[in-house]
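Each reported figure results from applying straightforward, stated rules to the coordinates on display, with no laboratory input. Model, not experiment: these values are computed from the prediction. Note: ideal-geometry Cβ built from the backbone for every residue, glycine included; neighbour counts use all protein chains shown.
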Amino acid sequence: MRQKSILPAVRVRAILGAALLSGGALFSGVTTAGDLGRGQALHDTFCVACHAPALYQREDRLANTYLEIRQQVERWQANARLRWSPQDIESVAEFLANRHYKIPY
């Protein structure tokens, strides 16, 4: 009687485990879309000490488009030496665009 190899099952489990640990990135492809929940968590943890919500509503704000918001997020996380990933930067930028700036992204 021939034994079945467990190798394919082990590979499938390893791939599925890696996908779950990476947030599904193995199956979703390379993406720059952010995660609004993570963006809010990062913002609320690292940004609100200096950036109260009123800051985003002023008339003379520096960012008025999604690209400008993203550039400001990238700039300030670098100034604060947070070393956020591009995904984290996108997440915070999308959160700000959605929640505070009310502009499409």
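General observations
- Between the beta carbons of E74 and R99, assuming R0 = 25 Å, the FRET efficiency works out to 0.85 to the nearest 0.05.
- Each Lys or Arg adds one and each Asp or Glu subtracts one; over the other residues with Cβ under 13 Å from the Cβ of G39, this totals -2.
- Segments 88-98, 43-53, 65-75 sorted - mean Cβ within 10 Å per residue, highest first: 88-98, 65-75, 43-53
- Cα gyration tensor category, rounded, prolate or oblate, for region 58-105 with a/c compared to 1.5: oblate
- Note on region 32-92: Cα-Cα pairs beyond 14 Å make up 57% of the total pair count.
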